[in-house]
Amino acid sequence: MDSILKDLEEGQRLGSGPRLAAALTPVDTPEYPDRLKSFYNFTNAAQVSSSLRYYLSQIRGVKLPKQELHAWVDIFSAYWKVVGELVKFEESPSSASWVNVYDSWKDVANLLIRAYSNSGFDNWTIPCLYVVGKYLRLFASKADAETSSQGSAAFPDRFQDDITTDFGKNAKLEEAARVLNRMFTLCLNDRAPREDSRKWGIYYMTNLLFKTYFKINAVGLSKNLLRALNAQSIDLPDMEDFPRSHIVTFKYFVGVICFLDENYAEAEEHLAYAWTYCHKSAIKNKELILTYLVPCHLVNTHTLPSKTLLHDFPRLEKLYRPLCDCIRKGDLHGFDAAMSAGEEEFVKRRIYLPLERGRDIALRNLFRKVFIAGGLEEAKDEQPPVRRTRIPVAEFAAALRIGTHADERSRVDIDEVECLLSNLIYKGLMKGYIARERGMIVLSKGGAAFPGTGV
Amino acid sequence: MSNNQSQDSKAAEASQQTQQQKPTILEEDDEFEDFPVDDWPENETEQAAGATANGKDLHLWEESWDDDDAAEDFSKQLKEELKKVDSSR
């Protein structure tokens, strides 16, 4: 028996959302390599509606209300059309087109939205909304890519990023965002009691929109979603009660949105949550979470990732290890070199700005080494020995020469060293004061000179 | 040492660059992936995996800044440089 029809039947019979959504998943599977073709061949354009109506009304033990039956027939008829467009990629590639696939999939999406608002679809069917939303975005991307590749083929002598070819390059994806937004509203504004509510779909839909907005460079629009969610927050079920895949994805995106706003404290909270509850085998996603969590943690706590943390992620190891080593050693010269070597990648990943702040930490570590090198003062009156806390500015100047790999001829400007020192003191990375007239730094006693570093 | 100044101008340049770069989009392979399963129990979370891998402590972040091996070298190096600083004044 046809696999799609079987899923449709079983989904309805068992009242299983995932099974019904499987019917609406427009791909072949390893188990059914001809899944799409077989569904397409089960009927023809003239008879698709009547065949589906007959099929749906035959399902044992299921009596769909008339309006609901009509709605499903319409949805699966539209779906059948999409499958026809998809089958073309194999059977007659010259007439196949992602724009056509997208346009007909959009019909499926609109019919489904209408069915939820008018035909009383139950909330158990909501995985259908997920799968239709998911493929709407994917097909829109493919359609846009197809359009832009044809555009550049038609005008080969135009520059790639010429404004004329750039215009409308995300046209379908932008349109898809508007459809997804209606799905978002459909979930958010459902007034049904909590257990039967489409509100359970809200984070899934929000995530689809986040992905879409990031892709079309409209991250700002994500904030409208967050505002809408906030306004309804008392009516939403607790976050812990949603499936983890919805929440981890949601937290990741909210974290990145805060990150891009340079709100690193809030970003870290969300990203740490995403990290904690992420599936342990989802390597790629864990890597993405850490890409932003590491700089957040550096800015917020002035702490570096451990070796074991980066060890499992070669790409992150490459991205962050040189920088972290320089910060750790207080190697300012190496830090600047690592920043410029990685600049393109850092800017692309939008992590340049927070990483830049790592220079202060490198400087702090360099000066901390001066403090350690100062050793202990002679013990008085049987007190335990304490670190020397009065240190000549000249020693910091010398350290700076080491850290910046200054050559023999370059001179050290003591004013500038004092400036750097007072900057670190101001930022709370060092505790103490400058006794200018004596050319000394007087640091806090009792393990508080460099807060959080043990000395 | 004009390092600080050049650093500042570099930072300004960089922030300008990020402003300009805002239109670049994350590449396809940088997209957060769909999880293969919808939900998973506590013991399949990263938190649980990290806890079993490291005894009970999640060792995510470097806790110590001390580098005892290099401390002595630095001390020596510092004395060398200090002479140069003193003589250049």
(message) Based on alpha-carbon centroids, what's the gap between the stretch A:279-330 and the stretch A:3-57 in Å, whole number please?
(response) 46 Å
(request) When a/c is below 1.5 the answer is rounded, else prolate if a/b is larger than b/c, else oblate, so apply that to the stretch A:3-237 with a ≥ b ≥ c taken from the square roots of the Cα gyration tensor eigenvalues. (result) oblate
(request) Compare the Cα positions of A:W200, A:L304, A:L260 along the charge dipole of the protein assembly as shown (+1 at Cβ of Lys, Arg; -1 at Cβ of Asp, Glu; about the Cα centre) and return the one farthest towards the positive end. (result) A:W200
(request) Could you tell me which of A:P237, A:A145, A:T29 has its Cα farthest along the dipole of the stretch A:3-237 towards the positive end, charges placed at Cβ (Lys, Arg +1; Asp, Glu -1), taken about the Cα centre? (result) A:P237
(message) How tilted is helix A:283-301 with respect to the longest principal axis of chain A? Cα atoms for both, answer in degrees (0 to 90, nearest 10).
(response) 30 degrees
(message) Given a Förster distance of 25 Å, report the FRET efficiency between A:K169 and A:N224 from their Cβ-Cβ distance, rounded to the nearest 0.05.
(response) 0.65
(message) Rounded to two decimal places and with Rh computed the Kirkwood way over Cα pairs, what is Rg over Rh for the stretch A:200-276?
(response) 0.94
(message) If you filter the stretch A:51-134 for trypsin sites (Lys or Arg not before Pro), then keep DSSP loop positions with at most 10 other Cβ within 10 Å, what is left?
(response) A:R60, A:K63
(message) Using the basic label-point model (7 angstrom from Cα toward the beta carbon), what is the A:D238 to A:R328 distance in nanometres?
(response) 4.0 nm
(message) Once you place label points 7 Å from the Cα toward the Cβ at A:Y54 and A:E68, how far apart are they in nm?
(response) 2.4 nm
(message) If you average the C-alpha positions of the stretch A:417-455 and of the stretch A:338-369 separately, how far apart do those two centres end up, in angstrom?
(response) 22 Å
(message) Can you compute the label reach from B:D30? Point 7 Å from Cα along the Cβ direction, backbone N cut-off under 17 Å, restricted to the stretch A:288-313.
(response) A:288-296
(request) From other protein chains only, count the Cβ atoms within 10 Å of every residue's Cβ in A:298-309, then give the mean. (result) 3
(request) Apply 1/(1 + (r/R0)^6) to the Cβ-Cβ distance of A:D107 and B:D39, taking R0 = 30 Å, and write down the FRET efficiency to the nearest 0.05. (result) 0.45
(message) Semi-axes of the equivalent ellipsoid for the stretch A:250-348, please: Cα gyration tensor eigenvalues, times 5, square-rooted, ordered largest first, whole Å.
(response) 23, 15, 12
(request) Extending each Cα 7 Å along its Cβ direction at A:E382 and A:R315, get the distance between those two points in nm, one decimal. (result) 6.3 nm
(request) In debye, nearest 20, what is the charge dipole magnitude of the stretch A:243-356 about its Cα centre with +1 on Lys and Arg Cβ and -1 on Asp and Glu Cβ, if you could check? (result) 580 debye
(message) Given axes a ≥ b ≥ c from the Cα gyration tensor, I'd like to know whether chain A is rounded (a/c under 1.5), prolate (a/b larger than b/c) or oblate.
(response) prolate
(message) I need to check one value: relative contact order of chain A, counting alpha carbon pairs closer than 8 Å and at least 6 residues apart, in percent.
(response) 7 percent
(request) Run the dipole for the stretch A:3-237 about the Cα centre, Lys and Arg Cβ at +1, Asp and Glu Cβ at -1, nothing else charged, and hand back the magnitude in debye, nearest 20. (result) 720 debye
(request) Taking amide H positions as placed in the peptide plane 1.01 Å from N, state which residues far from A:M430 in sequence (5 or more) or on other chains have amide H under 5 Å from it. (result) A:I425
(request) Using only atoms on other chains, find how many Cβ atoms lie within 10 Å of each Cβ of peptide A:346-352 and report the average. (result) 4
(message) If I fit a long axis through the Cα atoms of helix A:126-154 and take the longest principal axis of the Cα atoms of chain A, what angle between them do I get, 0 to 90°, rounded to 10?
(response) 80 degrees
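Readers should treat all values here as calculations from the given coordinates under stated rules, not as data from a laboratory. Keep in mind that what you see is a predicted model, and the values were worked out from it rather than measured. Here the Cβ is made from the backbone with ideal geometry for all residues, glycine too, and neighbour counts use every protein chain on show.
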